[in-house]
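Step one of this worksheet: look at the structure below.
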Amino acid sequence: MTKTTQTGSDVIVIGAGLAGLTAAVHAVQTGATVRLIAQGWGQQIVTPGWISVCDRAKDDVIAELRGYAALHPAHPYALAGDEGMIDCLERFRAITKAIGVPYGACVKAGHNLRLTTLLGAIQTPLLAPASMVSGDLTGVTGEILLVSFTGWRDFYPALAASNLAKQGITARAVLVDAPGAPQAWDLWPVELARRFDDPALRQRVIDQLRPHVQNAAKIGFPAVVGLEQHVEALADCTQQLERPCFEIATLPPSVPGTRLSNRLRRWLLRQRARVQIGHPVVHGIVENRRCVGVDVGALGHTNPFYADQFILATGGLYNGGIQSDESGRLWEPIFDLPVKGPGGTGREKWYHANLLVHRGHAVHRHTGLRVNTRMQPLDADGAPVLDNVYAAGHLLTGFNPLTDGCAEGIALATALKAVQVALALEAQKSY
């Protein structure tokens, strides 16, 4: 049965990671009817929540990207276009501000932030949740007070302070009782964040910290300062402690990533988009080089959903968007799209002899879908496999999301480009 005999959507987005969610947002803002379908939440639930665009850039990040794209025309940034990179970042900041999880940048425009991790290492994303931006170590002077909770296993501030000291940054650690739970050993980050939403429980933490503030220039908390009321919770801490307060990314699950996913989902629902999480797309329904619909798993059967355009953002090897077996075979499970791999037979070329390799293993850099500048997956001859299917995010080959420091930037840039092409809006600003 073809799409012409069915009622469907303008766009079906498959996947609820950063690429899928932002693709759905862009499509909704053009006025399209959108349905997002995903087996589960994407990688933002386990990552810090910041946006890495080009972590290695020492100066202007976009200038670095333009140079790199010129030298590597098959890289996803080159395919999406550097102007699309600027556009997608502006759009991302606009929507996150609108939904109440604002993102910020370095005071030095166009440069990467310098943010501490829970181990006291320094990471360099371009954007981060506003709750983290006050922790930027660029040009920092004075002492940083690092806070955690007695007995809590997810953040050891003394270890972070020791490692920051090795990098010339003065930090001091302090432990306080967790809000509402003196025995905090096994508390999940999201549960702690919910407790920070309660002003009375939050006040107990603030009162314990006051004697320790002393000469601290700023105060770093694990990223659990509120879930639904995190902006208000962090502002309350900053006001009462009279120091800039910021959050530090902790072990998964990621509270900043959870905030972002929750708010984007609710925004999509308010705009009358359909959002189905927990429903696996089993396979595509293809007729004459076009996808007319997808079959989605239900209890004991599948349900078909139809659309005009389809954006595939199901992730790479670690997300299920690409699958493999012990023989070294690689495949894309929904449309059976051709997957580029490291080459050879079996898996002998997947990995280097050493586990830790600066540029990462071949299976990470060279596994994925080849696409053209319209984000259409290609066959072995370089022709689009399906006219109305577009791929975005970690599905793509030509970069290593584990080592290149650009995973989120690629998700945002390729998602925007896929929507613009699918809806013929390459030259149109939707917001």
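If you take the square roots of the eigenvalues of the alpha-carbon gyration tensor of the range 310-422 and sort them as a ≥ b ≥ c, do you get rounded (a/c under 1.5), prolate (a/b over b/c) or oblate?
Numbers: a/c = 2.17, a/b = 1.41, b/c = 1.54.
Oblate is the answer for the range 310-422, as a/c is 1.5 or above yet b/c matches or exceeds a/b.
Report the local net charge at Asp379: Lys and Arg +1, Asp and Glu -1, summed over other residues whose C-beta lies under 13 Å from its C-beta.
Value of the local net charge: -1.
What's the exposure ranking of Ser9, Ser148, going from fewest to most Cβ atoms within 10 Å?
Ascending Cβ contact count within 10 Å gives the list Ser9, Ser148.
What length, rounded to one decimal in nm, is gained on full extension from Asp207 through to Thr170, with 0.36 nm per residue of separation minus their alpha-carbon distance? Spell out each step's value before the answer.
Working: separation 37, 0.36 × 37 = 13.32 nm, distance 2.37 nm.
Gain on stretching Asp207 to Thr170: 10.9 nm.
Cross-link list Lys58/Lys349; Lys108/Lys340; Lys58/Lys218; Lys58/Lys417: which exceed 29 angstrom alpha carbon to alpha carbon?
The pairs that break the limit, which is 29 Å between Cα atoms, are Lys58/Lys349; Lys108/Lys340.
Hey, what did the range 108-251 get for relative contact order, percent, Cα under 8 Å, at least 6 apart?
27
Round to the nearest 10 and give me the degree value, 0 to 90, for the angle of helix 407-422's Cα axis relative to the longest principal axis of the chain.
Its long axis makes an angle of about 40 degrees.
Relative contact order for the chain: what is it in percent, counting Cα pairs under 8 Å that are at least 6 residues apart?
Reported relative contact order: 22 percent.
The range 143-230: which chymotrypsin sites (Phe, Trp or Tyr not before Pro) are DSSP loop and have at most 16 other beta-carbon atoms within 10 angstrom?
Listed in order of number, the matching sites are Trp185.
Go ahead and set up a Gaussian network model of the chain, Cα springs under 10 Å, then flag whichever of Ala223, Ala128, Ala298 fluctuates most.
Ala298
What are the trypsin sites (Lys or Arg not before Pro) within the range 160-224 that DSSP puts in a loop, where the Cβ has at most 13 other Cβ atoms within 10 Å? If you can, show how the numbers build up before the last one.
Working: sites: Lys166, Arg172, Arg194, Arg195, Arg202, Arg204, Lys218; in loops: Lys166.
Taking the range 160-224 and a limit of 13 other Cβ atoms within 10 Å, the loop trypsin sites (Lys or Arg not before Pro) found are Lys166.
For the chain, modelled as a Gaussian network with Cα springs under 10 Å, which listed residue fluctuates most, Ser327, Ser131, Ser162?
Among Ser327, Ser131, Ser162, the largest GNM mean-square fluctuation belongs to Ser327.
I'd like the antiparallel share, as a percent to the nearest 5, of DSSP beta bridges with both residues in the chain.
Antiparallel bridges make up about 40 percent of those DSSP assigns within the chain.
Quickly estimate the mean residue ellipticity at 222 nm for the chain, helices only: each DSSP H run with n ≥ 4 gives -39500 (n - 2.57), and the total goes over all residues, rounded to 500.
That calculation yields -9000 deg cm²/dmol at 222 nm.
Using Cα atoms only, what is the angle between the long axis of helix 230-241 and the major principal axis of the chain, expressed in degrees (0 to 90) to the nearest 10?
Compared with the principal axis, the helix lies near 20 degrees.
Within 10 Å, Cβ to Cβ, of Arg56, how many net charges do the neighbouring residues add up to if Lys/Arg are +1 and Asp/Glu are -1?
Numbers: positive: Lys58; negative: Asp55, Glu64, Asp404.
Charge balance in the 10 Å sphere: -2.
Give me Glu232, Glu326 sorted ascending by neighbouring Cβ count inside 10 Å, so fewest comes first. Walk me through the numbers on the way to the answer.
Numbers: Glu232 15, Glu326 7.
Sorted ascending by nearby Cβ count, the order is Glu326, Glu232.
With the Cα gyration tensor of the range 211-355 giving a ≥ b ≥ c as the square roots of its eigenvalues, does the rule (a/c under 1.5 for rounded; else a/b larger than b/c for prolate; else oblate) give rounded, prolate or oblate? Intermediate values should be presented prior to the final figure.
Details: a/c = 3.83, a/b = 1.66, b/c = 2.31.
Verdict is oblate for the range 211-355.
Count the DSSP beta bridges whose two residues both fall in the range 65-195, then state the antiparallel fraction as a percent rounded to the nearest 5.
In the range 65-195, approximately 50 percent of DSSP beta bridges are antiparallel ones.
Using only Cα atoms and rounding to the nearest 10 degrees, what angle (0 to 90) does helix 82-98 make with the longest principal axis of the chain?
Once rounded, one gets 60 degrees.
Taking loop as defined by DSSP and a crowding limit of 10 other beta carbons within 10 Å, which chymotrypsin sites (Phe, Trp or Tyr not before Pro) in the range 39-94 fit?
Nothing satisfies the criteria.
What's the magnitude of the charge dipole for the chain around its Cα centre, counting Lys and Arg as +1 and Asp and Glu as -1 at the beta-carbon? Answer in Debye, nearest 20.
Working: 39 positive and 37 negative charges, 54 e Å.
The calculated dipole for the chain is roughly 260 debye.
Which are the unpartnered cysteines of the chain, meaning those with no other cysteine Cβ under 4.7 Å from their Cβ?
By the Cβ distance rule, which asks for a partner under 4.7 Å, the isolated cysteines are Cys54, Cys88, Cys106, Cys291, Cys406.
Would you kindly work out the equivalent ellipsoid of the chain from its C-alpha gyration tensor and give its semi-axes, the square roots of five times the eigenvalues, largest first in whole Å?
39, 24, 20
With springs connecting C-alpha atoms under 10 Å apart, model the chain as a Gaussian network and identify which of His361, His230, His26 has the largest mean-square fluctuation.
Fluctuation is largest for His361.
FYI, it's all coordinate maths here, none of it is from the lab. A quick note: this is a predicted structure, and the numbers were derived from the prediction, not measured. So basically every Cβ, Gly included, is an ideal-geometry build from the backbone, and we count neighbours across all protein chains shown.
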